[in-house]
Amino acid sequence: QVQLVESGGGLVQAGGSLRLSCAASGRTFSRYAVGWFRQAPGKDREFVAAITWSGSSTYYADSVKGRFTISRGDAKNTVNLQMNSLKPEDTAVYYCAARPWSFSDYVAAYDSWGQGTQGTVSS
């Protein structure tokens, strides 16, 4: 497992942007695929985006496609989620998660999780 810490959440108006970061420590992070998930009050945790260990492939939920971009940072131990054109329905606690090698859009497929960061979009 790796240890993950999210940052960058906050309050923004609809149409605005937030940039989330996931910093990792522990095992060789470059061999891990990373996913971003979110959980709104009273709802299940849902998949948002994922990136392969190499950074060569990305995958997005339909609800964020074209608005969010996932990328691996230059420091190699970070993964970022750029969120543009935000909507009130994007309000949630955002979590990053990691698993060896291949990515997945299933919550149960990941064994390392961060503590989450709150993103709130006002209308």
Report summary line: The farthest towards the positive end of the charge dipole of the chain, of the residues Gln13, Phe37, Pro100, given +1 on Cβ of Lys and Arg and -1 on Cβ of Asp and Glu, is Pro100
Requested in this report: Treating cross-link reach as a plain straight distance, find the aspartates and glutamates whose alpha-carbon is under 15 Å from the alpha-carbon of Lys43, omitting any fewer than eight places away in the same chain.
Outcome: Glu89, Asp90
Report task. In whole Hz, with x marking every Gly and Pro, tabulate ³J(HN,Hα) for region 17-23 from phi via Karplus 6.51 cos²θ - 1.76 cosθ + 1.60, θ = phi - 60°. Result -> 9, 9, 10, 9, 10, 10, 9
Query raised in the report: With charges set only on the Cβ (+1 for Lys and Arg, -1 for Asp and Glu), what does the dipole of the chain come to about its Cα centre, in debye to the nearest 20?
Result: 240
Report task. On the full set of protein chains, 1.4 Å probe, figure out the accessible area of Lys43 and give it in Å² to the nearest 10. Result -> 140
Report summary line: With the 8 Å Cα cutoff and a minimum separation of six or more residues, the chain has a relative contact order in percent of 37
Query raised in the report: Check Tyr59: other-chain or 5+ apart residues with amide H under 5 Å from its amide H, H built from backbone geometry?
Result: Ala50
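The values are calculated or read from the model by the stated rules, or taken from the named source; none is laboratory data. As the structure is a computational prediction, the values presented were derived from the model and not from experiment. Here Cβ is always computed from backbone atoms with ideal geometry, including for glycine, and neighbour counts include all displayed protein chains. These accessible areas exclude ligands, DNA and RNA; they are computed on the full protein's heavy atoms, side chains included. Shrake-Rupley method; radii C 1.70, N 1.55, O 1.52, S 1.80 Å.
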